[in-house]
Amino acid sequence: MSRSTDAASPAHRMPVWLLGTIMGLFGLFYAYAVWNAIANLIQTAQFFGDAGRPLNAFGWAVWIFAIVFPVIVYVFAFRLSHRRPAHHALLIMLTGLGLVAVFWLDLVAYTALSPSSLLS
């Protein structure tokens with residue numbers, strides 16, 4: 001395959017302003033996932049702490065990973081998409097956001113169905 005047909009060639013790269021717009025807009029959704037995880041960690045730790053059953057190490061690890069996971073996915077999606085055409089970047093970022101949403105639903109289901117595994 002010749003270098004001129006490669007997706008990373010300068011002819012196929014999107015303008016910086018378009019890359020910034022796409023990454024910024026999707027970054028807001030990823031940031032919302034992080035903010036939501038932080039809020040749920042605080043709320044869960046307060047609620048069960050007041051009830052005399054604080055989070056155990058596994059509970060803290062689960063909620064901290066819920067905070068870090070959207071950041072990891074965003075960075076990975078950015079690295080995959082920053083040298084591709086705009087429509088590819090949109091699809092990659094949307095796929096990553098879908099992955100974060102599925103992870104969040106799994107986390108909510110797990111914590112709702114077995115909260116005792118997260119508590120001391």
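The values are calculated or read from the model by the stated rules, or taken from the named source; none is laboratory data. As the structure is a prediction and not an experimental result, all values here were calculated from the model. Cβ: placed from backbone, ideal geometry, glycine included. Neighbour counts: every protein chain shown. Side chains are part of the model used for accessible areas, which takes the heavy atoms of the whole protein and leaves out ligands, DNA and RNA. Shrake-Rupley method; radii C 1.70, N 1.55, O 1.52, S 1.80 Å.
Given (1) farther than 27 Å from LEU119 by Cα; (2) under 17 Å from the mean Cα position of the chain (by Cα), identify the lone condition not met by ILE72.
(1)
Looking at segment 14-43, which of the residues that are open to solvent by less than 50 Å² (accessible area, probe 1.4 Å) and over 16 Å from the mean Cα position of the chain (by Cα) is farthest from ALA66 (Cα to Cα)?
MET14
Take the conditions closer than 30 Å to PRO15 by Cβ, in contact with a helix residue (DSSP H, G or I) (Cβ under 7 Å, 6 or more places away or on another chain) and open to solvent by 60 Å² or more (accessible area, probe 1.4 Å) and apply them to VAL71. Does it pass?
yes
Going through ARG84, ARG53 one at a time, which residue ends up being under 24 Å from MET14 (Cα atoms), touching a residue at least 60 places away in the same chain (Cβ under 8 Å), surrounded by 13 or more Cβ atoms within 10 Å (Cβ to Cβ) and not aromatic (Phe, Trp, Tyr)?
It is ARG84.
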